[in-house]
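To keep things clear, I will list the structure first and then write my remarks on it.
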């Protein structure tokens with residue numbers, strides 16, 4: 001049973017009942033541990049590329065902006081690359097931008113007003129501004 005869970009900047013640190021120290025934990029090195037979905041933290045879906053890639057994304061102001069094509073792991077937060085008709089958007093996985101998933105499975109976000117998509121060949125202009 002999962003006893004505790006916390007972020008450590010590079011992932012999640014999970015503690016299990018009955019595993020109280022590093023020596024006890026070393027017995028599990030190289031094994032696969034399974035957890036019931038109900039035991040996972042509520043925000044687990046935010047970081048699970050297997051369930052995110054391909055999901056449509058809708059901004060509260062702009063409406064449909066595309067779908068998630070990549071999940072990037074970061075030190076401070078993850079990021080999603082959302083590809084749409086206007087190009088690629090990078091969405092920071094932070095409370096200010098991620099609202100949730102609606103009943104239809106669409107990821108709902110609140111993008112900054114000045115967020116704009118980057119189109120191929122535009123990298124030099126974006127990074128130079």
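Here residue 83 fulfils each of the conditions (1) assigned to a loop (DSSP other than H, G, I, E, B); (2) modelled with pLDDT of 80 or more; (3) in contact with a strand residue (DSSP E or B) (Cβ under 9 Å, 6 or more places away or on another chain) apart from (1).
On the stretch given as the stretch 86-110, residues that are in contact with a strand residue (DSSP E or B) (Cβ under 7 Å, 6 or more places away or on another chain) and farther than 13 Å from residue 69 by Cβ total 12. Can you tell me which condition residue 74 does not meet? The list is (1) outside the structural domain of residue 119 (by TED's automatic domain parsing); (2) not in a strand (DSSP E or B), and all the others hold. Unmet for residue 74, out of (1) outside the structural domain of residue 119 (by TED's automatic domain parsing); (2) not in a strand (DSSP E or B): (1). Considering each residue of the stretch 63-71 in turn, none proves to be more than 23 Å from residue 116 (Cβ to Cβ) and under 10 Å from the mean Cα position of the chain (by Cα).
Total residues in the stretch 22-35 satisfying the condition of being loosely packed, with under 10 Cβ neighbours inside 10 Å and in contact with a strand residue (DSSP E or B) (Cβ under 9 Å, 6 or more places away or on another chain): the figure is 1. State all residues of the stretch 108-123 that are at pLDDT below 95 and either surrounded by fewer than 14 Cβ atoms within 10 Å (Cβ to Cβ) or under 13 Å from residue 56 (Cβ atoms) (or both); if no residue qualifies, say none. Selection gives 112, 113, 114, 116, 119, 120, 121, 122, 123.
Looking only at residues of the stretch 7-56 that are within 21 Å of residue 99 (Cα to Cα) and part of a strand (DSSP E or B), we find that the one that is modelled with the lowest pLDDT is 7.
The values are calculated or read from the model by the stated rules, or taken from the named source; none is laboratory data. Given the structure is predicted, the values throughout are model-derived calculations rather than measurements. Don't worry about glycine lacking a Cβ; one is built from the backbone with ideal geometry, like all the others, and counts go over all protein chains shown.
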